[in-house]
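Participant: My questions all concern the structure below.
The values are calculated or read from the model by the stated rules, or taken from the named source; none is laboratory data. Here the structure is a predicted model, which means the values were calculated and not measured. Positions of Cβ are backbone-derived with ideal geometry, glycine not excepted, and every protein chain shown enters the neighbour counts. Heads up: the accessible areas ignore ligands, DNA and RNA and are worked out on the full protein's heavy atoms, side chains in. Shrake-Rupley method; radii C 1.70, N 1.55, O 1.52, S 1.80 Å.
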Amino acid sequence: EGAYVGLTLAGKTRRDPTATDALAKAFNVFTGMNGDKNVEVYNNASALEIAASMKNVAAFTAGIILGILKKNGALQTDEDGRYRVTKRVTITHGDHHAVLDNHTMHRLVNFASKEIVNIVKSEGGGKSGQLMMAGNHDLNLTVNSLTSRNVQAGMRLALGENIYEILTKLDDNGHRLTAEGVMAAHAMARRIQNNNKSEAFAPLVFAVRNILMGRGTPEAIIAQFFGQTKQWTEADARRVLNGQSK
């Protein structure tokens, strides 16, 4: 239909001509696309697997945040799936306080990106995969899209629906909602623990898992997650841009 298509291929063996490169060439032959612009080849399959899983976890978290905002009358949406945060909402859990506003999704993407790099490094990979379409590009796109299945599932959970019902209830077309972020959160948590890392190594993963396991309300766990980190403001961003801070 003339739309842009991107493909990321990963091979377990560095520059394996019988796998990744061959598949890239086949893709170019069958589609007539320019591999230099449309196909990226990355030699760490595990890193892309982690990036894809974490992208879904982050999108599910984004949905929970948007659901909290909607429940507090702070979210405005249109028919095209776009949204706007109309006011700030403060959530608390014990000594932790968090403000949900227009900056929240940017902070969420930042945290998710850092966790991806941490987990990839723990498995012997580098951070270059973050620069690919399957890295931060896909992360930003999915987290900020109301049409994302994971975002929809997170919103419904925050608005009071049971996660089992969300994933099993059929829609008008007889289809179930596929939200990969739900199982990905559990899988990533096991992966981190298998690498002998603590929950503090990936707080976003364990925050989502705790919500899914009913260890607290979405508001309480999200408040604790954001409350443990510095609240970024426009003034902070300007200092960074002006070279006054790292």
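Participant: Can you say whether L48 is under 30 Å from A98 (Cβ atoms), in a helix (DSSP H, G or I), at pLDDT 70 or above and touching a Gly at 6+ places or on another chain (Cβ under 9 Å), as far as the supplied structure shows?
Facilitator: no
Residue by residue, here is whether (1) over 18 Å from V143 (Cα atoms); (2) open to solvent by 20 Å² or more (accessible area, probe 1.4 Å); (3) touching a residue at least 12 places away in the same chain (Cβ under 8 Å) holds:
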| site | (1), (2), (3) |
| --- | --- |
| L75 | no, yes, no |
| R82 | no, yes, yes |
| T90 | yes, yes, no |
| A98 | yes, no, yes |
| D101 | no, yes, yes |
| K114 | no, yes, no |
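Participant: Now, a different point. Would you confirm whether or not the stretch 83-97 contains a residue that is over 18 Å from A207 (Cα atoms) and within 18 Å of the chain's Cα centre (by Cα)?
Facilitator: The answer is yes, given that some residue of the stretch 83-97 is over 18 Å from A207 (Cα atoms) and within 18 Å of the chain's Cα centre (by Cα).
Participant: While we're looking at this one, here's another question. Considering only residues that are of a type in the set (V, I, T) and open to solvent by 30 Å² or more (accessible area, probe 1.4 Å), look in the stretch 156-215 and name the one that is nearest to V143 (Cα to Cα).
Facilitator: T178
Participant: Can you find a residue that is exposed (fewer than 14 other Cβ atoms within 10 Å of the Cβ), modelled with pLDDT under 80 and not charged (D, E, K, R) anywhere in the stretch 35-42?
Facilitator: Within the stretch 35-42, not a single residue is exposed (fewer than 14 other Cβ atoms within 10 Å of the Cβ), modelled with pLDDT under 80 and not charged (D, E, K, R).
Participant: Would you point out the residue of the stretch 125-183, among those that are more than 23 Å from L75 (Cβ to Cβ), assigned to a helix (DSSP H, G or I) and charged (D, E, K, R), that is modelled with the highest pLDDT?
Facilitator: Step by step, filter the stretch 125-183, then rank; the result is E180.
Participant: Would you mind stating whether K169 is free of Cβ contacts under 8 Å to residues at least 60 places away in the same chain and of a type in the set (K, R)?
Facilitator: In short, yes.
Participant: I would also like to ask the following. Does at least one position in the stretch 64-71 carry a residue that is closer than 14 Å to L141 by Cα, surrounded by 12 or more Cβ atoms within 10 Å (Cβ to Cβ) and in contact (Cβ under 8 Å) with a residue 40 or more places away in the chain?
Facilitator: no
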